[in-house]
Amino acid sequence: RICAAISDAFYGGALRTPAAVAAARPLDAPLHFVDFRHAETRDGASLSNAFEATAVVAVVKALRDHGGHDPRCVAVLCFYNAQRALVEAKLRDAAVCGVLVASVD
């Protein structure tokens, strides 16, 4: 589902997940995309967005505090390594532990 959503949104449906990978890693959890229209900061070849990172922390805290979700069951996928590092730092500063933060960069 993650690949299909990104493929449809950004690549006209051209990306495909191999059947063996999809079967080995079924996704039965909710999938949410949040789009932020705020300025990004260039960090070498990578980008980060402080507003987006702050919003991610707020969403994760809401899932934990009001939705009953264990942060170890939450994953955040960033498009850039600089954003991944910023989200990890902000989660750490907010004492939110266990969230998987990954990057496609």
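Side notes on the structure shown:
- Here the calculated FRET efficiency for V59 and D8, from their Cβ-Cβ distance with R0 = 22 Å, stands at 0.50, rounded to the nearest 0.05.
- Cα pair distances in the stretch 28-79, grouped into 10 Å bins until the bin that holds the longest one, percent each: 20, 49, 25, 6
- Entry note, the chain: relative contact order of 21 percent, from Cα contacts under 8 Å with a spacing of 6+ residues.
- Normalising the average separation of contacting C-alpha pairs (under 8 angstrom, six or more residues apart) by the number of residues puts the relative contact order of the stretch 59-105 at 46 percent.
- Between S103 and A22, the modelled labels are 2.9 nm apart [label points 7 Å from Cα along Cα→Cβ].
- Relative intensity, log₁₀ I(q)/I(0), of the chain from a Debye sum that treats every alpha carbon as a point, q = 0.14, 0.19 Å⁻¹: -0.62, -1.08
- 3J(HN,Hα) couplings calculated from phi for the stretch 51-65 with the Karplus curve 6.51 cos²θ - 1.76 cosθ + 1.60 (θ = phi - 60°) are, in sequence order, 4, 4, 4, 5, 5, 4, 4, 4, 5, 4, 5, 5, 4, 6, 7 Hz; Gly and Pro show x.
- Using a probe of 1.4 angstrom and keeping all protein chains present, the accessible surface of the chain works out to 70 square angstrom per residue.
The values are calculated or read from the model by the stated rules, or taken from the named source; none is laboratory data. Just so it is clear, the model here is predicted, and its values are computed rather than measured. Neighbour counts run over all protein chains shown; Cβ positions are idealised from the backbone, glycine included. Only protein heavy atoms, including side chains, enter the accessible area calculation; ligands, DNA and RNA are left aside. Shrake-Rupley method; radii C 1.70, N 1.55, O 1.52, S 1.80 Å.
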